[in-house]
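Report on one structure; see the data block that follows.
The values are calculated or read from the model by the stated rules, or taken from the named source; none is laboratory data. It should be emphasised that the depicted structure is a prediction, and the values quoted were computed from it without experimental measurement. Here the Cβ positions follow ideal geometry from the backbone for every residue, glycine too, while neighbour counts run over all protein chains shown. Note: accessible area is taken over every heavy atom of the protein model, side chains too, but ligands, DNA and RNA are not part of it. Shrake-Rupley method; radii C 1.70, N 1.55, O 1.52, S 1.80 Å.
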Amino acid sequence: FAAPALAQDGEFRLPEQCTAAAAGGEMDHASMGHGGAHADHGAGMDSGTMEMMGMGGMDVEAMPEHVQENMRRMMVTMPAMHDGMMNEDADVAFACGMIAHHQGAIDMAEVLLAHGEDEQMRALAQEIIDAQEAEIEQMTTWLAENAN
């Protein structure tokens, strides 16, 4: 099977089963430059996407580094979660939306590991990463075996 690339690798893509059959002819946001598209963690955020997410007018550059990193990663996984949930099959939509949602949790935990200092929070972040990666693998396997 083909596992989705992780956001920390510079790119996040939902499994192909998630983008193959969106409900009602929805547009593929990945083809429009967001959603399952590339995540350049060093670049600024797309103002249109920020506006859509209720973050228009924010001075991201003035925010702490960990906040900037969380927001950059969120700009990838939130539209991908939306795209994944648009599948006509409820089971596939659930798996696809949850893969992106879990990747968002992994991303947040990785940012904490890079910037946080509290050992209890760091241990929790690692537990979250381990659990969410296992569940992403389970859902990706299910999609490969069951989604049309």
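Stokes-Einstein D for the stretch 62-147 at 20 °C, 1.002 mPa s, Kirkwood Rh over Cα pairs, in µm²/s?
Details: Rh = 13.7 Å.
Stokes-Einstein gives a translational diffusion coefficient of 156 µm²/s.
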Phi-derived 3J(HN,Hα) across the stretch 97-114 with the Karplus relation (6.51, -1.76, 1.60, θ = phi - 60°), rounded Hz, x for Gly and Pro, is x, 5, 4, 5, 4, 5, 4, x, 5, 4, 4, 4, 5, 5, 5, 4, 4, 6
Counting only backbone N atoms under 20 Å from a point 7 Å out along Cα-to-Cβ of Glu133, the residues of the stretch 92-113 in range are 98-113
For the stretch 62-147, the accessible surface attributable to carbon and sulfur atoms (probe 1.4 angstrom, ligands and nucleic acids excluded) amounts in percent to 55
Rounded to the nearest whole number, the per residue volume of the convex hull around the C-alpha atoms of the stretch 85-135 in Å³ is 55
Distance in nm between Ala144 and Gln120 label points, each 7 Å along Cα→Cβ, equals 3.9
